[in-house]
Amino acid sequence: MDLKDLYRDVILDHNRQPRNFGALANADAHADGHNPLCGDRLTVWVQLEGDRVTDVHFEGKGCAISTASASLMTEAVKGKDRAAIQSLYEQVHTLLTQQSAAPDASLGKLAALAGVSEFPARVKCATLCWHTLNAALERSADAVTTE
Ligand code: ZN
(Lines give C-alpha, C1' and ligand atoms only; values in the text may rest on other atoms or scores of the structure.)
Protein backbone atom coordinates (compact mmCIF):
# COMPACT_ATOMS: atom_id res chain seq x y z
CA MET A 1 0.00 0.00 0.00
CA ASP A 2 1.53 3.30 -0.99
CA LEU A 3 1.08 6.61 0.78
CA LYS A 4 -1.70 7.76 -1.58
CA ASP A 5 -3.79 4.66 -0.78
CA LEU A 6 -3.21 5.18 2.92
CA TYR A 7 -4.32 8.82 2.68
CA ARG A 8 -7.39 7.84 0.67
CA ASP A 9 -8.33 5.21 3.26
CA VAL A 10 -8.07 7.76 6.09
CA ILE A 11 -10.37 10.18 4.21
CA LEU A 12 -12.91 7.45 3.42
CA ASP A 13 -12.84 6.17 6.99
CA HIS A 14 -13.41 9.64 8.51
CA ASN A 15 -16.16 10.37 5.97
CA ARG A 16 -17.99 7.12 6.75
CA GLN A 17 -17.51 7.31 10.49
CA PRO A 18 -16.88 10.93 11.42
CA ARG A 19 -15.37 11.36 14.89
CA ASN A 20 -16.82 13.80 17.44
CA PHE A 21 -19.99 14.04 15.34
CA GLY A 22 -23.13 15.58 16.84
CA ALA A 23 -24.04 18.58 18.96
CA LEU A 24 -21.91 19.13 22.05
CA ALA A 25 -23.87 19.61 25.27
CA ASN A 26 -22.45 22.38 27.49
CA ALA A 27 -20.61 23.98 24.59
CA ASP A 28 -19.20 27.45 25.29
CA ALA A 29 -19.67 28.58 21.70
CA HIS A 30 -20.65 27.35 18.29
CA ALA A 31 -20.63 28.63 14.73
CA ASP A 32 -22.14 27.64 11.40
CA GLY A 33 -20.15 27.40 8.21
CA HIS A 34 -21.24 27.21 4.58
CA ASN A 35 -19.21 26.61 1.45
CA PRO A 36 -21.50 27.72 -1.41
CA LEU A 37 -19.08 26.45 -4.07
CA CYS A 38 -19.76 22.85 -3.08
CA GLY A 39 -22.82 23.10 -0.82
CA ASP A 40 -21.01 21.93 2.34
CA ARG A 41 -22.61 23.03 5.60
CA LEU A 42 -21.42 22.39 9.10
CA THR A 43 -21.70 23.51 12.69
CA VAL A 44 -18.75 23.40 15.09
CA TRP A 45 -19.16 23.43 18.89
CA VAL A 46 -16.32 24.14 21.30
CA GLN A 47 -15.88 23.70 25.01
CA LEU A 48 -13.09 25.75 26.55
CA GLU A 49 -11.11 25.88 29.72
CA GLY A 50 -9.36 29.24 29.67
CA ASP A 51 -7.47 29.31 26.39
CA ARG A 52 -7.62 25.56 25.81
CA VAL A 53 -10.17 23.64 23.73
CA THR A 54 -11.20 20.79 26.00
CA ASP A 55 -13.81 19.39 23.62
CA VAL A 56 -14.94 20.02 20.07
CA HIS A 57 -17.75 18.50 18.03
CA PHE A 58 -19.20 19.07 14.60
CA GLU A 59 -22.25 18.15 12.60
CA GLY A 60 -23.07 18.80 9.01
CA LYS A 61 -23.79 17.67 5.50
CA GLY A 62 -21.22 17.95 2.80
CA CYS A 63 -18.82 16.18 0.49
CA ALA A 64 -16.38 13.53 1.67
CA ILE A 65 -13.52 16.03 1.89
CA SER A 66 -15.43 18.49 4.09
CA THR A 67 -16.67 15.76 6.45
CA ALA A 68 -13.33 13.97 6.70
CA SER A 69 -11.46 17.24 7.19
CA ALA A 70 -13.80 18.30 10.02
CA SER A 71 -13.51 14.88 11.66
CA LEU A 72 -9.70 14.95 11.47
CA MET A 73 -9.67 18.53 12.75
CA THR A 74 -11.71 17.73 15.86
CA GLU A 75 -9.28 14.96 16.76
CA ALA A 76 -6.27 17.19 16.12
CA VAL A 77 -7.33 20.33 18.04
CA LYS A 78 -8.79 18.75 21.16
CA GLY A 79 -6.63 19.71 24.13
CA LYS A 80 -4.75 22.45 22.25
CA ASP A 81 -4.77 26.17 23.05
CA ARG A 82 -5.64 28.93 20.58
CA ALA A 83 -2.04 29.61 19.56
CA ALA A 84 -1.34 25.92 18.86
CA ILE A 85 -4.56 25.64 16.85
CA GLN A 86 -3.64 28.69 14.78
CA SER A 87 -0.20 27.34 13.93
CA LEU A 88 -1.69 23.92 13.10
CA TYR A 89 -4.16 25.61 10.76
CA GLU A 90 -1.31 27.42 9.01
CA GLN A 91 0.44 24.08 8.45
CA VAL A 92 -2.77 22.51 7.11
CA HIS A 93 -3.35 25.48 4.80
CA THR A 94 0.16 25.14 3.36
CA LEU A 95 -0.42 21.42 2.83
CA LEU A 96 -3.73 22.10 1.03
CA THR A 97 -2.47 24.86 -1.23
CA GLN A 98 1.12 23.93 -2.11
CA GLN A 99 1.53 20.77 -4.13
CA SER A 100 5.20 20.55 -3.30
CA ALA A 101 4.63 20.74 0.45
CA ALA A 102 5.62 17.53 2.21
CA PRO A 103 3.45 16.80 5.25
CA ASP A 104 5.22 17.60 8.52
CA ALA A 105 5.26 14.75 11.03
CA SER A 106 3.49 17.01 13.55
CA LEU A 107 0.40 17.01 11.31
CA GLY A 108 -0.36 13.39 12.20
CA LYS A 109 -3.44 12.08 10.40
CA LEU A 110 -4.14 15.53 8.93
CA ALA A 111 -1.41 14.64 6.42
CA ALA A 112 -4.10 12.58 4.67
CA LEU A 113 -5.43 15.86 3.25
CA ALA A 114 -2.25 16.32 1.18
CA GLY A 115 -3.98 15.03 -1.97
CA VAL A 116 -6.46 17.94 -1.89
CA SER A 117 -3.73 20.25 -3.24
CA GLU A 118 -4.14 18.50 -6.60
CA PHE A 119 -7.74 19.77 -6.71
CA PRO A 120 -7.71 23.53 -6.02
CA ALA A 121 -11.53 23.69 -6.27
CA ARG A 122 -11.76 21.43 -3.21
CA VAL A 123 -9.51 23.45 -0.92
CA LYS A 124 -12.52 25.37 0.45
CA CYS A 125 -14.19 22.04 1.30
CA ALA A 126 -11.22 21.15 3.49
CA THR A 127 -10.78 24.58 5.10
CA LEU A 128 -14.48 25.18 5.88
CA CYS A 129 -14.26 23.42 9.26
CA TRP A 130 -11.21 25.47 10.27
CA HIS A 131 -12.91 28.79 9.40
CA THR A 132 -15.98 27.66 11.33
CA LEU A 133 -13.87 26.64 14.33
CA ASN A 134 -12.21 30.06 14.21
CA ALA A 135 -15.60 31.79 14.18
CA ALA A 136 -16.69 29.76 17.22
CA LEU A 137 -13.47 30.62 19.06
CA GLU A 138 -13.89 34.32 18.26
CA ARG A 139 -17.44 34.23 19.59
CA SER A 140 -16.32 32.61 22.81
CA ALA A 141 -13.67 35.32 23.20
CA ASP A 142 -16.38 37.98 22.84
CA ALA A 143 -18.46 36.19 25.44
CA VAL A 144 -15.58 36.30 27.89
CA THR A 145 -14.80 39.99 27.41
CA THR A 146 -18.43 41.10 27.78
CA GLU A 147 -18.96 39.15 30.99
ZN1 ZN B 1 -17.19 20.06 -0.53
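The values are calculated or read from the model by the stated rules, or taken from the named source; none is laboratory data. Only a predicted model underlies this, so the values are computations on that prediction, with no experimental measurement involved. For neighbour counting, all protein chains shown are included, and Cβ atoms are generated from backbone atoms with ideal geometry for every residue, glycine included. Heads up: the accessible areas ignore ligands, DNA and RNA and are worked out on the full protein's heavy atoms, side chains in. Shrake-Rupley method; radii C 1.70, N 1.55, O 1.52, S 1.80 Å.
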- Query: Where a Cα-Cα gap under 18 Å defines reach, which aspartates and glutamates qualify for residue 78, not counting those fewer than 8 residues away within the same chain?
  - Reply: 28, 49, 51, 55, 59, 90, 138
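Averaged per residue, what accessible area in Å² does segment 3-142 show with a 1.4 Å probe, protein chains only?
On the way: 6970 Å² over 140 residues.
That works out to 50 Å² for each residue.
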- Gaussian network model of the chain, springs between alpha carbon atoms under 10 Å - residue of 60, 33, 115 with greatest fluctuation: 115
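Any idea what the relative contact order of the chain is, in percent, if you count C-alpha pairs under 8 Å spaced at least 6 apart?
Values: 248 pairs, mean separation 41.8, N = 147.
28 percent.
Using the crude model of +1 on Lys and Arg Cβ and -1 on Asp and Glu Cβ, and no other charge, please compute the dipole size for segment 3-142 relative to its Cα centre, in debye to 20. Don't jump to the answer; show the numbers that get you there.
Working: 14 positive and 17 negative charges, 73 e Å.
About 360 debye.
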- Query: Given a 1.4 Å probe and every protein chain left where it sits, what share in percent of the accessible area of the chain is carbon and sulfur?
  - Reply: 51
